[in-house]
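A.B. asks: Got a structure here, written out as structure tokens. Questions coming.
The values are calculated or read from the model by the stated rules, or taken from the named source; none is laboratory data. Please read all numbers here as calculations on a predicted model, not as lab measurements. Virtual Cβ from ideal backbone geometry, glycine too; neighbours counted across all protein chains shown. For accessibility, only protein heavy atoms count, side chains too; no ligands or nucleic acids. Shrake-Rupley method; radii C 1.70, N 1.55, O 1.52, S 1.80 Å.
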Amino acid sequence: MSRGGKSQGRRRELLKAITVGGVAGITGLAGCIGDPDEVGGGDDEDFDTVQFGVLEPTTGEFTELATERNQGTKLAIQEINESDEYDFTIEYNEYDTQLDPATATQRARQAVESDGAQFITGCISSSVALAINDFALENEVVYTPGAADTSITGESCNEYVFRFETSTAQIAEVMAQWTADELGDRIVYHVADYAYGDSVLDEVETRMESISDSYEQVGVTRSDPGSTNFEAFISQIADVSDEADALVVGMTGADLAIFLSQAGSRGLQDEIPIVTTTGSFRAVLGGAGTGAYNTYSGVRYVPDLDTGSNQEFVEAYESEYGDPPDNFSRVGYESIRMVANGIREAGSRNPTTVAETLSGMDHDTIFGPNEFRECDHQAMNPVWMGECVEPDSGELADVQLLTELSGEEAAPDCEETGCEL
């Protein structure tokens, strides 16, 4: 978008806020009197507070994952507000997206137009996050999503979206390499029938094809999000287990936990190796129980990592909440911290100015030095391959890391992302 386009966009938002009238119109204009190009706060403006909107599915099958992310978000806000390193404080309101794109968009509009948010964060469902991607561009607010679908920082990217969550493309890189090397190249897939499942299928298959000339897709089954009975799918997969080297499962949350539990009861992992994208999540391991044993997973995060400031984060999180952090905890935490660093560096709460500052900016994170790279605003996160094994005590499977790729090794080349900024 050109500078002129951004200026016109702000004027349209100003006029829209004026015509809304009442409390919503007044709140949306708080701190914005003056040049309409300065909506959201000018570059040289003195300000004490920054307003965030926190969008999470606090109802639905991703509730437990949303709680983890929300706790990481709140911990980061607490640390920033108590720190002398920032000359502003963060205020925020929380909104339930209900795992629905339309509901999430309504909540985002409430956050921005009624409650004055300049920055929004959250949404674990990829379909919902993609809707908020569009909202962020239309309303010129910085957005840090919690979903992994590749297109969020790929073909659906825009200059206001910055993602610390590890993308499906990054996790597929380590999964495909390890699976081809250790298990083979004949793959059967089971995926959730929505944006994330499609992304897993596309990304893993693309990489398998590039790794092996003999790659074969043995079959694909799909289940609706929120399904609770996978017996028919498990039977279909078992029927072709002799023809395949591995089963790749593209699901997350309660869906994956239930699938693994039912697959374990059937003994499916004794018939075919099961490779998942999110089986290392504590919420999934807890829900799957013994069904997670002897399965494999791409790994975005585990609290044992000795990287960057991770152990300080783990200690603070456990002190605050009594449990160790998991993947979405660290996503919420660093999404807030990195945006706060951009606000501090820019000396402004103007979302456009902060977005320009964040692009390619260096940060010290739980993974060590990191950035939202300029070409697509995807964080350059390392990834691992892990095995979920029976623990020495208790039921929750242990995750043993098998191999690692650096952020540079895992990320697709800029020209391959489909992102045009």
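A.B. asks: Which distance in nm do the two modelled labels at residue 83 and residue 49 give, with both placed 7 Å along the Cα-to-Cβ direction?
C.D. replies: The two pseudo-label positions are separated by 2.1 nm.
A.B. asks: What is the calculated FRET efficiency for residue 401 to residue 214, with r their C-beta to C-beta distance and R₀ = 30 Å, to the nearest 0.05?
C.D. replies: Given R0 = 30 Å and the Cβ-Cβ separation, E is 0.60.
A.B. asks: I need the calculated FRET efficiency for the pair residue 362 and residue 235, taking r as the beta carbon distance and R₀ as 60 Å, to the nearest 0.05. Display every interim value, and only then the final one.
C.D. replies: Values: r = 51 Å, r/R0 = 0.85.
Efficiency, from the Cβ-Cβ distance: 0.70.
A.B. asks: Ok, one more. If we sort 395-408, 141-154 on the protection proxy, mean other Cβ atoms within 10 Å, highest first, what's the order? It would help to have the intermediate numbers written out before the result.
C.D. replies: Numbers: 395-408: 16.2, 141-154: 28.1.
Result, highest mean first: 141-154, 395-408.
A.B. asks: Still on this structure, I have one more. Give the carbon-plus-sulfur fraction of the accessible surface of the chain in %, rounded to a whole number; probe 1.4 Å, heavy atoms of protein chains only.
C.D. replies: Using a 1.4 Å probe with all protein chains present, the chain comes out at 41 percent carbon and sulfur.
A.B. asks: Figure the gain on full extension for residue 294 and residue 182 (residue separation times 0.36 nm, minus the Cα-Cα span) and round it to one decimal in nm.
C.D. replies: 38.9 nm
A.B. asks: Still on this structure, I have one more. If I require 18 Å or longer along the helix axis, counting alpha carbons, and a Kyte-Doolittle average no lower than 0.0, what helices from the chain are left? Use full DSSP H segments. Intermediate values should be presented prior to the final figure.
C.D. replies: Numbers: long enough: 3-20 (26 Å, -0.97); 63-82 (28 Å, -0.93); 126-139 (19 Å, 0.64); 168-182 (20 Å, -0.13); 195-211 (24 Å, -0.33); 253-266 (20 Å, 0.46); 327-346 (28 Å, -0.27).
Once both thresholds are applied, what remains is 126-139, 253-266.
A.B. asks: Moving on to the next point. Ordering 259, 367 from largest to smallest accessible area (1.4 angstrom probe), what's the sequence?
C.D. replies: From most exposed to least exposed: 367, 259.
A.B. asks: Please compute the contact order of the chain in relative form: average sequence separation of alpha-carbon pairs under 8 Å and at least six residues apart, divided by the residue count, as a percent.
C.D. replies: 18 percent
A.B. asks: For segment 343-396, what is the accessible area per residue in Å² when the probe is 1.4 Å?
C.D. replies: Values: 2000 Å² over 54 residues.
On a per-residue basis, 37 Å².
A.B. asks: What accessible area per residue, rounded to a whole number of Å², is obtained for segment 57-169 using a probe radius of 1.4 Å?
C.D. replies: Heavy-atom SASA per residue in segment 57-169 reads 32 Å².
A.B. asks: Using helices alone, I'd like the mean residue ellipticity at 222 nm for the chain: each DSSP H run of four-plus residues gives -39500 (n - 2.57), total over residue count, nearest 500.
C.D. replies: -13000 deg cm²/dmol
A.B. asks: What FRET efficiency comes out for the pair residue 319/residue 58, r = Cβ-Cβ distance, R0 = 25 Å, nearest 0.05?
C.D. replies: 0.60
A.B. asks: Which length gain, in nm to one decimal place, applies between residue 222 and residue 312 when the Cα-Cα distance is subtracted from 0.36 nm times their residue separation? Let's see the in-between values first.
C.D. replies: Values: separation 90, 0.36 × 90 = 32.40 nm, distance 4.05 nm.
Net length gain for the segment: 28.4 nm.
A.B. asks: Grab the Cα-Cα distance for residue 374 and residue 345, subtract it from 0.36 nm times how many residues apart they are, and report the gain in nm with one decimal.
C.D. replies: Once the chain is fully extended between residue 374 and residue 345, it gains 8.8 nm.
A.B. asks: Quick check: pseudo-label points 7 Å beyond the Cα along Cα→Cβ at residue 414 and residue 91, how many nm apart are they?
C.D. replies: If labels sit at residue 414 and residue 91, their model points lie 3.9 nm apart.
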